[in-house]
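Everything on this sheet refers to the single structure shown next.
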Amino acid sequence: GAVVSQHPSWVICKSGTSVKIECRSLDFQATTMFWYRQFPKQSLMLMATSNEGSKATYEQGVEKDKFLINHASLTLSTLTVTSAHPEDSSFYICSAREREEIFKETQYFGPGTRLLVL
Amino acid sequence: KQEVTQIPAALSVPEGENLVLNCSFTDSAIYNLQWFRQDPGKGLTSLLLIQSSQREQTSGRLNASLDKSSGRSTLYIAASQPGDSATYLCAVSFSGGGADGLTFGKGTHLIIQP
């Protein structure tokens with residue numbers, strides 16, 4: 001149980017295009033989903049917190065107009081990198097917290113999406 | 001600024017040895033602490049979660065301890081195996097309350113030599 005999937009697993013795009021990454025909780029409902037970014041040889045950095053049915057909360061330094069987050073249902077959150085540039089190339093990982101397990105605080109992580117912007 | 005630091009950054013030991021990975025955090029008012037494993041190019045696998053009220057958690061050959069007052073946690077791996085080779089990440093929920101993301105350390109890259 002508690003499986004989180006991401007799609008696509010990796011993507012290559014041209015500079016200036018927009019890329020959408022999906023994060024799904026497959027066998028549970030997730031009230032809250034988190035988006036992280038990991039640059040090579042660096043740790044994961046929290047980008048934003050996404051709550052179902054409300055606006056995402058972005059961490060300091062993360063441009064909300066560039067990284068659009070939509071959490072339209074209890075099983076799906078999407079991250080859209082708008083007008084991507086080479087410096088946006090990174091490993092993007094989402095996590096989800098099961099609604100029924102909220103007091104246990106365990107986050108279940110997706111397998112990640114590797115983005116390369118040419 | 002709330003930070004998580006992991007030492008060492010890399011470690012290589014022969015198979016069968018017991019080893020300890022260290023994690024320190026700057027704010028003792030944590031909600032919980034988790035240890036994860038990350039294989040190259042992959043996502044994260046949760047190993048152990050310690051609530052702020054707990055002092056340790058065990059799972060198989062893994063034991064994680066938490067000392068909030070000193071801002072430290074250790075991950076003990078007994079009888080290491082080549083399959084344990086991975087990057088181990090320590091992550092802290094500083095505020096909790098069910099709504100906060102995690103602050104990660106940079107990880108310890110572990111290699112177990114056959």
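The values are calculated or read from the model by the stated rules, or taken from the named source; none is laboratory data. Nothing here was measured: the structure is a model prediction, and the numbers come from that model. Virtual Cβ from ideal backbone geometry, glycine too; neighbours counted across all protein chains shown.
Structure above, values below:
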read-out: Scan of segment A:59-76 for residues that are over 15 Å from A:Met47 (Cα atoms) and assigned to a loop (DSSP other than H, G, I, E, B), ordered by number; value: A:Leu74, A:Thr75
read-out: Hits in segment A:25-61 (condition: over 13 Å from the mean Cα position of the chain (by Cα), of a type in the set (A, V, I, L, M, F, W, C) and within 30 Å of B:Ala9 (Cβ to Cβ)); value: A:Phe39
read-out: Residue list for segment A:11-41, filter: facing another protein chain (nearest Cβ under 9 Å) and either at pLDDT 85 or above or under 10 Å from A:Ser77 (Cβ atoms) (or both); value: A:Thr32, A:Phe34, A:Trp35, A:Tyr36, A:Gln38
read-out: Segment B:35-64 residues that are within 17 Å of A:Ala96 (Cα to Cα), paired with ones that are buried (at least 17 other Cβ atoms within 10 Å of the Cβ) and of a type in the set (Lys, Arg) (beta carbon under 7 Å, 6 or more apart); value: B:Thr45/B:Arg37; B:Leu47/B:Arg37
read-out: Residue check for A:Val4: within 21 Å of B:Pro40 (Cα to Cα), modelled with pLDDT of 90 or more and in contact with a Pro (Cβ under 9 Å, 6 or more places away or on another chain); value: yes
read-out: The lone exception for B:Thr74 - which of (1) among the β-branched types (Val, Ile, Thr); (2) over 20 Å from B:Pro8 (Cβ atoms); (3) more than 14 Å from chain A (Cβ to nearest Cβ) it fails; value: (2)
read-out: Pairs where the first residue, in segment A:40-56, is farther than 19 Å from A:Ser89 by Cβ and the second is loosely packed, with under 13 Cβ neighbours inside 10 Å, C-beta under 9 Å, 6+ apart; value: A:Glu52/A:Ala72; A:Gly53/A:Ala72
read-out: Residues of segment A:34-58 that turn out to be in contact with a Leu (Cβ under 9 Å, 6 or more places away or on another chain), part of a loop (DSSP other than H, G, I, E, B) and of a type outside the set (Gly, Ala, Ser), as a count; value: 1
read-out: Qualifying strands (runs of 3 or more DSSP E) (wholly inside segment B:7-114; at least 2 residues being exposed (fewer than 15 other Cβ atoms within 10 Å of the Cβ) and in contact with a His (Cβ under 7 Å, 6 or more places away or on another chain)); value: none
read-out: Residue within segment A:95-102 that is of a type in the set (S, T, N, Q), in contact (Cβ under 8 Å) with a residue 24 or more places away in the chain and within 11 Å of chain B (Cβ to nearest Cβ) present; value: yes
read-out: Filter result for B:Pro82 (touching a residue at least 60 places away in the same chain (Cβ under 8 Å) and closer than 19 Å to B:Ser59 by Cα); value: yes
